[in-house]
Structure formats: C-alpha cells, structure tokens
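**Student:** Take a look at the following structure, please.
The values are calculated or read from the model by the stated rules, or taken from the named source; none is laboratory data. In this text the structure is predicted, and so the values were computed from the model without any measurement. Positions of Cβ are generated from backbone atoms using ideal geometry, with glycine treated the same way; all protein chains shown enter the neighbour counts.
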Ligand SMILES: Cc1ncc(COP(=O)(O)O)c(C=O)c1O
C-alpha cells in the first residue's frame, strides 16, 4: 500500500466535524441551503472588520522593495514588537519582540511549540473535552496526548491533573475560552493551576510547560474575565491567531509567545524559530504579518456573537435542553438528551439540523453547536430542536 498506514488510520478516525460537513453538503443539495440549519463548523460568519479592509488597501498600495521576500524565520521584527507590546498590556507581563514568533495560525503555533518541547514518547496532558486536532499535533512530534475529563462545570480538576503528571509529562495544553464548551478560566483558577504545576515540576524534577491555546480570547461576553497564564506560571507559552476574532481563518496568521522567565527560555525561543522553519512554514505569510501588525487589539463585532449566543440559548432553553451558558467563543456544548450523542445528532439531522457529537471532542453524551451562523439559521432550527427533544423524553 502506497499511503502511510498511520495516516490511513487517522483518516478513518479523524474529524467528526468533516463528516458532519459532508452530511450537510448532501442535505443542502437535496433541500436547498436555506432549509438546512448548519451549526457544524467554527467558521466565523462575520466579515472581517472595516479596519482590516483598510489595512489591506494600505498594504496593497505599498511598493517598497523586498516586501515579498524571505525574512527572519520568526517574522518581521517590527511586527513582533507591536505584538509584544499588545501581549505586555493584555497579559500583564512585560516582554519584547524576542519572545514572539509569528506563525501560520494557532495550528502552526501549537505545532511549533510541541515540536520544540516533545521527546519521543513524552506525554502531553490535556483536559477533555478538547479540540481534537491536539491528538494529531502531538502525534506529529512523537508525543502522546493524555486526556483528563473535566467535571460538570467543564473546569479541569486541578487535583486530577496533578495525579496524571509523571516523569514523562512534558506539558499541559489548555484552551480557553474553550472549544467546544465556551468555558473561560479566571485568574484565580489559573493561579491555582500554576501553583500545582510548580509543585509537581519540583516533585518530578522536570519543568512541565504550560501551553495555552487562546484563539477565542477576544470572543468573551463580559461575565467572566479571562485570566493571564503569563501571570500565573512562568514556564508558559501562548499560542493564538487572528482566525476567529478578525474572521480571517483562511489567511493563516497567528503567533506564539514564550514567557520571558520560562525555563531555558533562550533555547526554547531559538528552538521554536527553528521549528517554524523546518516544519516547512519557513515564516508566517509576509503580507498578513504587515496587516495584523496594524491591528493589535482590533476584533470583529463581538456584540453580534453575544446576540447570537442569547438567541440560541433561548431556543434551547425553550425546547428544554440542558446546557451551560458559554462565557466565550461561539460554541455551546449541551447534554445530549437520552445520553447517546450519536443518536441525538442523527435525530437532529432528520430535522436538517447539523451539529457535532461530543465524542468528536473526546466527550460522549454531549453535542456541539457552533452558533457563528446567520440569525435565520438559529430561528429556523427552533422547531426541529423541540421536535427532537420530544422524541427522547
Ligand atoms: C481551540 C482551537 N485551537 C486552534 C485552532 C486552530 O486555529 P487556526 O485556524 O488559527 O490554526 C482552532 C480552530 O478551530 C481551535 O478551535
């Protein structure tokens, strides 16, 4: 067989989201786009903000020489400086351009971080439910993802995480605001997590790095303020992108930041720069770096997502579903009535409602709704949600 056995098996088990996408395409061909209520993909439905369009025009008009050349693998120094200034303000720890690497989205940043840290056979801890790609990203670099279920509030239990840490644990990945649950971690929570990591690192005589994946950081609704991992724990890295908050996932631009006091910081930064190159990214896209350099702190209109969140919560509450109101992201992770997420998702499909079973995020018995969709999709789904719940009562 010509294709790698491992990739064949990954293709087999990968991505419920894609499977739902394909089922959706079939339903849309049969019933027409407007008659299918597609909540399956986290593709922001807002257009990028006006500031982005303006920066595009300005940068497109630039004609100085070398604008499209190779550059230092970490990215343009001037852009990294602007990002560093933003991070210093947002995360409350001063750092400079030397601690920032421009990357090909958050996915690129995570792969760079993991490749820099993992020795073959190392474990990467991760609370579940989680963004499934982590499994593949860890495997890319010879690591093994070790998932630990969260409690009913979707907050990772710090004692449970502590118990899972062993001599082969290289890092803990967290993601907040969380895909798929919308949970936001506070400073108080992160401080306790940092204390645990400090204590366990001492006990196992190995520094456990904390990788925080934060592409939804600006998509929060004011109820819970996101804390700063940089304030909570020195051996931390932040991976993020402009995919979700500027609505530009196709442009593949993000960054990785390394805490200035992280263990072996200089080597870690140089390792990450090397990994950016040898993973084949070489450097983050030049044009997009210049654009986002101008847009620090800018985001799409989050109020629109808040309104959509409130709409979908009303639809689900009205129908009688059990769920935790998400404090951030454009996702909701309700309990599957009847307990079987696959059966529930299939029943919803019969009503032309597309969602993703919780097992696609490592948690059976729940399902994910991505509400970054038109208002008409939310409104049109209300009857179907009600009808399906009645079937499971
Ligand atoms: C939690 C999480 N991390 C990372 C990513 C990847 O983001 P990017 O498109 O910037 O690579 C996503 C995308 O959906 C995500 O949900």
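**Student:** Report, by residue number, each residue of the range 339-360 that is farther than 18 Å from residue 22 by Cβ and out of contact with any helix residue (DSSP H, G or I) (no Cβ under 6 Å at 6 or more places or on another chain).
**Tutor:** 339, 340, 343, 344 - these are the residues of the range 339-360 that are farther than 18 Å from residue 22 by Cβ and out of contact with any helix residue (DSSP H, G or I) (no Cβ under 6 Å at 6 or more places or on another chain).
**Student:** Also: Determine whether residue 127 is closer than 23 Å to residue 334 by Cβ and touching a helix residue (DSSP H, G or I) at 6+ places or on another chain (Cβ under 8 Å).
**Tutor:** Yes.
**Student:** Continuing with the same structure: Within the range 297-313, which residues are touching a helix residue (DSSP H, G or I) at 6+ places or on another chain (Cβ under 9 Å) and under 17 Å from residue 37 (Cβ atoms)?
**Tutor:** Kept after step one, since they are touching a helix residue (DSSP H, G or I) at 6+ places or on another chain (Cβ under 9 Å), are these residues of the range 297-313: 297-298, 300, 307-308, 311-312.
Once the filter is applied, which keeps residues that are touching a helix residue (DSSP H, G or I) at 6+ places or on another chain (Cβ under 9 Å) and under 17 Å from residue 37 (Cβ atoms), the range 297-313 yields 308, 311, 312.
**Student:** Quick check on my filter: what residues within the range 243-267 are within 22 Å of the chain's Cα centre (by Cα) and either more than 11 Å from the ligand (Cβ to nearest atom) or at positive phi (or both)?
**Tutor:** Across the range 243-267, the qualifying residues are 247, 252, 256, 257, 258, 259.
**Student:** For the range 299-324, give me the residue count where each residue is in a loop (DSSP other than H, G, I, E, B) and touching a strand residue (DSSP E or B) at 6+ places or on another chain (Cβ under 8 Å).
**Tutor:** 3
**Student:** Please specify each residue of the range 118-139 satisfying the condition of being more than 14 Å from the ligand (Cβ to nearest atom) and more than 29 Å from residue 224 (Cβ to Cβ).
**Tutor:** Listed by number, the residues that qualify are 118, 119, 120, 121, 122, 123, 139.
**Student:** Restricting attention to the range 96-103, does a residue exist that is within 13 Å of the ligand (Cβ to nearest atom), at pLDDT 95 or above and either touching a helix residue (DSSP H, G or I) at 6+ places or on another chain (Cβ under 7 Å) or not assigned by TED's automatic domain parsing to the domain that holds residue 269 (or both)? Give the steps one after another, and end with the answer.
**Tutor:** Of the residues in the range 96-103, the ones within 13 Å of the ligand (Cβ to nearest atom) are 102-103.
Filter once more, so that each one left must be at pLDDT 95 or above: 102-103.
Adding the requirement that they be either touching a helix residue (DSSP H, G or I) at 6+ places or on another chain (Cβ under 7 Å) or not assigned by TED's automatic domain parsing to the domain that holds residue 269 (or both) leaves 102-103.
Yes: the range 96-103 contains one or more residues that are within 13 Å of the ligand (Cβ to nearest atom), at pLDDT 95 or above and either touching a helix residue (DSSP H, G or I) at 6+ places or on another chain (Cβ under 7 Å) or not assigned by TED's automatic domain parsing to the domain that holds residue 269 (or both).
**Student:** Going by the structure shown, is residue 95 surrounded by fewer than 17 Cβ atoms within 10 Å (Cβ to Cβ) and either part of a loop (DSSP other than H, G, I, E, B) or under 21 Å from the mean Cα position of the chain (by Cα) (or both)? Quick ask: steps written out before the conclusion?
**Tutor:** Details: surrounded by fewer than 17 Cβ atoms within 10 Å (Cβ to Cβ): no; either part of a loop (DSSP other than H, G, I, E, B) or under 21 Å from the mean Cα position of the chain (by Cα) (or both): yes.
Taking the combined requirement at face value, the residue does not satisfy it.
**Student:** Identify, please: which residue in the range 146-181 is within 16 Å of the ligand (Cβ to nearest atom) and within 18 Å of residue 364 (Cα to Cα) and is, among those, surrounded by the most Cβ atoms within 10 Å (Cβ to Cβ)?
**Tutor:** That would be 181.
**Student:** Of the conditions (1) farther than 26 Å from residue 194 by Cα; (2) without any contact (Cβ under 8 Å) to a residue 24 or more places away in the chain; (3) touching a helix residue (DSSP H, G or I) at 6+ places or on another chain (Cβ under 9 Å), residue 317 satisfies every one except a single condition; which number is it?
**Tutor:** Unmet for residue 317, out of (1) farther than 26 Å from residue 194 by Cα; (2) without any contact (Cβ under 8 Å) to a residue 24 or more places away in the chain; (3) touching a helix residue (DSSP H, G or I) at 6+ places or on another chain (Cβ under 9 Å): (3).
**Student:** Could you check, for the range 65-85, whether at least one of its residues is under 21 Å from the mean Cα position of the chain (by Cα) and either more than 16 Å from the ligand (Cβ to nearest atom) or in contact (Cβ under 8 Å) with a residue 40 or more places away in the chain (or both)?
**Tutor:** Just the residues of the range 65-85 that are under 21 Å from the mean Cα position of the chain (by Cα), to begin with: 83-84.
In the following step, the residues that additionally are either more than 16 Å from the ligand (Cβ to nearest atom) or in contact (Cβ under 8 Å) with a residue 40 or more places away in the chain (or both) were identified as 83-84.
Scanning the range 65-85, I find at least one residue that is under 21 Å from the mean Cα position of the chain (by Cα) and either more than 16 Å from the ligand (Cβ to nearest atom) or in contact (Cβ under 8 Å) with a residue 40 or more places away in the chain (or both), so the answer is yes.
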